[in-house]
Amino acid sequence: MKIHTEKLVEKTRGFCDIIDITAKVQEQVKKEKVQKGLATLFVSGSTAALTTLEYEPGLVEDMKELLERLIPANKKYHHDDRWGDDNGFSHLRASLFGPSLQIPIESGRLLLGTWQQIVLLDFDNRPRTREVALQIMGETE
């Protein structure tokens, strides 16, 4: 049984920046030669999240529009009153998705659907450098 932890670093633009990190995760699985196991991802910070979706321009825009309708960026939130950073919306959006994902590994590949990618969502109101902890556990070749 092998356990390897790696950090993936992404520069983001904020304001619902959605970044496909699937290839980076799969590359690490291949590098570690895990054939059967589990990839666990965790993004640090309370204004970012992880999920899966079909990463194509139309759906990316649909996601941004949905979140703007559900949790508008231009509304005042109680969090904004306390800290004055005007990013209450970003905390609420991140809490909908959560900070982590687990994806099974079989035959050295992430068990994702044909049109399913792993995405990092940055909801903060400014550019950030995000760190995603990736832990790969399993049986090697």
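Values in this text are rule-based calculations from the coordinates and carry no lab data. If you're wondering where the values come from, they're calculated on a predicted model, not measured in any experiment. In this analysis, Cβ positions are derived from the backbone assuming ideal geometry, glycine residues included, and neighbour counts consider all displayed protein chains.
So here's what we get for this one:
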{"read-out": "Charge dipole (debye, nearest 20) of the chain; +1 at Cβ of Lys and Arg, -1 at Cβ of Asp and Glu", "value": "320 debye"}
{"read-out": "Listed pairs Lys2/Lys30; Lys7/Lys30; Lys2/Lys33; Lys7/Lys31; Lys7/Lys36 exceeding 18 Å between Cα atoms", "value": "Lys7/Lys36"}
{"read-out": "Anchor Lys76: lysines whose Cα lies under 30 Å away (excluding residues fewer than 8 positions away in-chain)", "value": "Lys11, Lys64"}
{"read-out": "Whole-Hz couplings from phi, Karplus 6.51/-1.76/1.60, listed for the stretch 90-96; x for Gly and Pro", "value": "5, 5, 5, 4, 4, 5, 5"}
{"read-out": "Ranked Val9, Val119, criterion: other C-beta atoms within 10 Å, fewest first", "value": "Val9, Val119"}
{"read-out": "For the stretch 2-140: Kirkwood Rh in Å [reciprocal of mean 1/r, alpha carbons]", "value": "15.7 Å"}
{"read-out": "The chain: angle of helix 57-70 to the longest principal axis, Cα-based, in degrees nearest 10", "value": "50 degrees"}
{"read-out": "Helical contribution to [θ] at 222 nm, DSSP H n ≥ 4, -39,500 (n - 2.57), averaged over the chain, rounded to 500", "value": "-8500 deg cm²/dmol"}
{"read-out": "The chain: angle of helix 22-32 to the longest principal axis, Cα-based, in degrees nearest 10", "value": "30 degrees"}
{"read-out": "Sequence of Thr129, Thr47, Thr22, Thr12 once ranked by neighbouring C-beta atoms within 10 Å, starting from the fewest", "value": "Thr129, Thr22, Thr12, Thr47"}
{"read-out": "Largest-first ellipsoid semi-axes for the stretch 17-67, taking √(5λ) over the Cα gyration tensor eigenvalues, angstrom", "value": "26, 14, 8"}
